[in-house]
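*Asks:* One structure, as structure tokens, below. Some questions next.
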Amino acid sequence: MGIKWRHRALPVVPVALALLAATGCESTPDARPKPTAAPSTSAARVCAKPAAGPAKAPAGAVTVDPAVVGDLAAKTKSSPPKTTFWLRPGKHRLDPDRYAQVIPKEGNRYLGAPGAVLDGRKTNQYAFGGSARNVTIRYLTVQRFVAPHDEGVVNHDSADGWVIEHATIQYNSAAGLMAGARQQVRASCLRDNGQYGMNAYKAGDSIRGLVVEGNEIVGNNTGDWERRREGCGCTGGIKFWAVDGADVRGNWVHDNRGTGLWADTNNNDFRIENNVIEANDGAALIYETSYNAVIRNNKIRKNNWVEGRREAARGDNFPFATVYLSESGGEPRIKARTDKVEVYRNVLENNWSGITLWENADRFCNSPANTSSGDCTLLVRDSDRCAQPAIAKPPLYADCRWKTQRVDIHDNRFVLDKSVVKCTVKCDRMAVLSNYGTYPDWSPYKGERVAEAITRKQHNRWYDNVYLGPWKFVAHDPSRVLGFGQWQGKTYQQDAGSTLAPRAGG
């Protein structure tokens, strides 16, 4: 499990008004944008106007009666695979036992009539579970289930091939959805769930071929888990773990408490495109200890106001960014649709800072500082191999690290008006950096080795971007804050072909 900002442990200190003034913050540390009533550009507006299901039972469908407690689970059990179930209008209930979930059979289809709701009554833990493949859930509202932390309500056991369309999954504890291979989540409302809208995790396996398209993902992490377990890395509108091949497109991801979209630990081959990501308390997007991604044509605005401001108020000089690439980059040896991380044709407007490329010098396979639950890279599956003396020489010296490398950031538009963000300092950073390696004592990455590599040797490039506003640039380590001329100059040679212009209010 990841910790969001890995540059160092952050002390918990009271935030005083004097410290807020010193950091240039003009409101409380938890000030956030007003909830967004409509996307700023075209995106999925699903929650306010959900699509209606069939008003009559389709031919051959089994009708489920909301007046009969447990009718859905009982009829699922007594019917053969590939049965279609039509849930009448009304509030459907399971038996009053926490494990009384529906266990679909392969190929089952569940269709909700207009007004059909499956309600867990804060009693049942799960709505749909089991290992059956190719289950479809459409036009159904699923709410008020109480799954345990890190678990999910729909597709609890991460079965493969599920399709969730035109569904509303809301007001549940933990995650509204889990995910299996080839899962499709389309045109659905994932709203106000306690931990995640979806937790794309499958125990002991990677998830191949995930599609998340045209959904509204809003208000999740109502349990505020990062405060309850500081540094747990266990929240987000959606969290992805070990997903190999994902298309995340056309979603409206907004007003989540914490990160909007977070890919953490050995994800690969993502396309994140044509989304509107706005007004999330934390970063819009974190891509962490993962590989090979295309991030393009997204509208990203007013993110990270709460978390970025809070860390600035603590006096931290780390460039807390709205797009955060942490130990992630392109790797040609791992099959994907690209062998880079490409970030292009996005518009980032009035976020707390811009894009940070980060690599923790002390984080590698078999290091006590590796917080990814003991996982190793996709190039070295066995962490025990990453030990002295072999780790000090090729190939393990390179392959035991998740590396921020082969990142191209180009043709983006970065807009910052500090009067909108309500800050004067530390919300204006673009960065590529590492820490000074110190730990453990047998590490081959001590000193400035990693900082030099990520800054100058690992083919990380900004170019052909447009900057409007008072942007600053951080290179090598947090202390090196540069102007645009220094950033473009001989030492760092970044942002060739890019332009920077002041902006009123900046």
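*Asks:* From the list ARG109, ARG144, which one is open to solvent by 20 Å² or more (accessible area, probe 1.4 Å) and under 20 Å from ALA175 (Cα atoms)?
*Replies:* Exactly one residue qualifies, and that residue is ARG144.
*Asks:* Looking at the stretch 92-106, which of its residues are open to solvent by 30 Å² or more (accessible area, probe 1.4 Å) and touching a Pro at 6+ places or on another chain (Cβ under 6 Å)?
*Replies:* LYS105, GLU106, listed by residue number.
*Asks:* Out of the stretch 478-499, which residues are exposed (fewer than 12 other Cβ atoms within 10 Å of the Cβ) and of a type in the set (S, T, N, Q)?
*Replies:* SER479, THR499
*Asks:* Still on this structure, please answer the following. Could we say that ALA51 is among the aliphatic types (A, V, I, L, M) and more than 31 Å from the chain's Cα centre (by Cα) here? Full working, then the answer.
*Replies:* Details: among the aliphatic types (A, V, I, L, M): yes; more than 31 Å from the chain's Cα centre (by Cα): no.
Taking the combined requirement at face value, the residue does not satisfy it.
*Asks:* Hey, can you tell me all the residues within the stretch 329-357 that are more than 30 Å from ARG310 (Cα to Cα) and not small (Gly, Ala, Ser)?
*Replies:* Listed by number, the residues that qualify are GLU331, PRO332, ARG333, ILE334, LYS335, ARG337, THR338, ASP339, LYS340.
*Asks:* What's the number of the condition HIS166 fails, among (1) over 23 Å from VAL69 (Cβ atoms); (2) free of Cβ contacts under 8 Å to residues at least 40 places away in the same chain; (3) open to solvent by 10 Å² or more (accessible area, probe 1.4 Å)?
*Replies:* HIS166 satisfies every listed condition except (2).
*Asks:* Identify, please: which residue in the stretch 338-391 is basic (Lys, Arg) and either more than 30 Å from LYS422 (Cβ to Cβ) or modelled with pLDDT under 95 (or both) and is, among those, most open to solvent (accessible area, probe 1.4 Å)?
*Replies:* ARG381
*Asks:* Still on this model: Restricting to the stretch 55-78, and then to whatever is open to solvent by less than 40 Å² (accessible area, probe 1.4 Å) and in a loop (DSSP other than H, G, I, E, B), can you tell me which residue is nearest to TYR126 (Cα to Cα)?
*Replies:* Ranking the qualifying residues of the stretch 55-78, first place goes to GLY70.
*Asks:* So GLY214 fits all but one of (1) open to solvent by 10 Å² or more (accessible area, probe 1.4 Å); (2) over 20 Å from GLU278 (Cα atoms); what number is the exception?
*Replies:* (2)
*Asks:* If I filter the stretch 267-278 for residues that are buried (at least 24 other Cβ atoms within 10 Å of the Cβ), at pLDDT 95 or above and either of a type in the set (D, E, K, R) or closer than 16 Å to TRP305 by Cβ (or both), do I get at least one hit?
*Replies:* yes
*Asks:* How many residues does the stretch 379-415 contain that are aliphatic (A, V, I, L, M) and without any contact (Cβ under 8 Å) to a residue 40 or more places away in the chain? Before you say what the answer is, go through the steps one by one.
*Replies:* Restricting attention to the stretch 379-415, the residues satisfying the condition of being aliphatic (A, V, I, L, M) are 379-380, 387, 390-392, 396, 398, 407, 409, 415.
Of the ones still in play, those that are also without any contact (Cβ under 8 Å) to a residue 40 or more places away in the chain are 380, 390, 396, 398.
Count: 4.
*Asks:* Is it the case, given these coordinates, that PRO114 is surrounded by fewer than 21 Cβ atoms within 10 Å (Cβ to Cβ), touching a residue at least 60 places away in the same chain (Cβ under 8 Å) and out of contact with any strand residue (DSSP E or B) (no Cβ under 6 Å at 6 or more places or on another chain)?
*Replies:* yes
*Asks:* Taking CYS234 as meeting all but one of (1) buried (at least 24 other Cβ atoms within 10 Å of the Cβ); (2) at pLDDT 95 or above, write down the number of the exception.
*Replies:* Of (1) buried (at least 24 other Cβ atoms within 10 Å of the Cβ); (2) at pLDDT 95 or above, only one is false for CYS234: (2).
*Asks:* Do you know which of the residues in the stretch 117-140 that are outside any loop (DSSP other than H, G, I, E, B) and not acidic (Asp, Glu) is surrounded by the most Cβ atoms within 10 Å (Cβ to Cβ)?
*Replies:* Once the filter is applied, the top-ranked residue is PHE128.
*Asks:* Considering only residues that are open to solvent by 10 Å² or more (accessible area, probe 1.4 Å), of a type outside the set (Asp, Glu) and in a helix (DSSP H, G or I), which ones fall in the stretch 407-454?
*Replies:* Scanning the stretch 407-454 gives LYS418, SER419, VAL420, ARG449, ALA453.
*Asks:* I would also like to ask the following. Looking at ALA9, ALA31, which is the one that is open to solvent by less than 50 Å² (accessible area, probe 1.4 Å), out of contact with any Ser or Thr (no Cβ under 9 Å at 6 or more places or on another chain) and at pLDDT below 95?
*Replies:* Numbers: ALA9 fails: open to solvent by less than 50 Å² (accessible area, probe 1.4 Å).
That would be ALA31, the only listed residue that is open to solvent by less than 50 Å² (accessible area, probe 1.4 Å), out of contact with any Ser or Thr (no Cβ under 9 Å at 6 or more places or on another chain) and at pLDDT below 95.
The values are calculated or read from the model by the stated rules, or taken from the named source; none is laboratory data. No experiment lies behind these values; they were computed from the predicted model shown. Neighbour counts run over all protein chains shown; Cβ positions are idealised from the backbone, glycine included. Side chains are part of the model used for accessible areas, which takes the heavy atoms of the whole protein and leaves out ligands, DNA and RNA. Shrake-Rupley method; radii C 1.70, N 1.55, O 1.52, S 1.80 Å.
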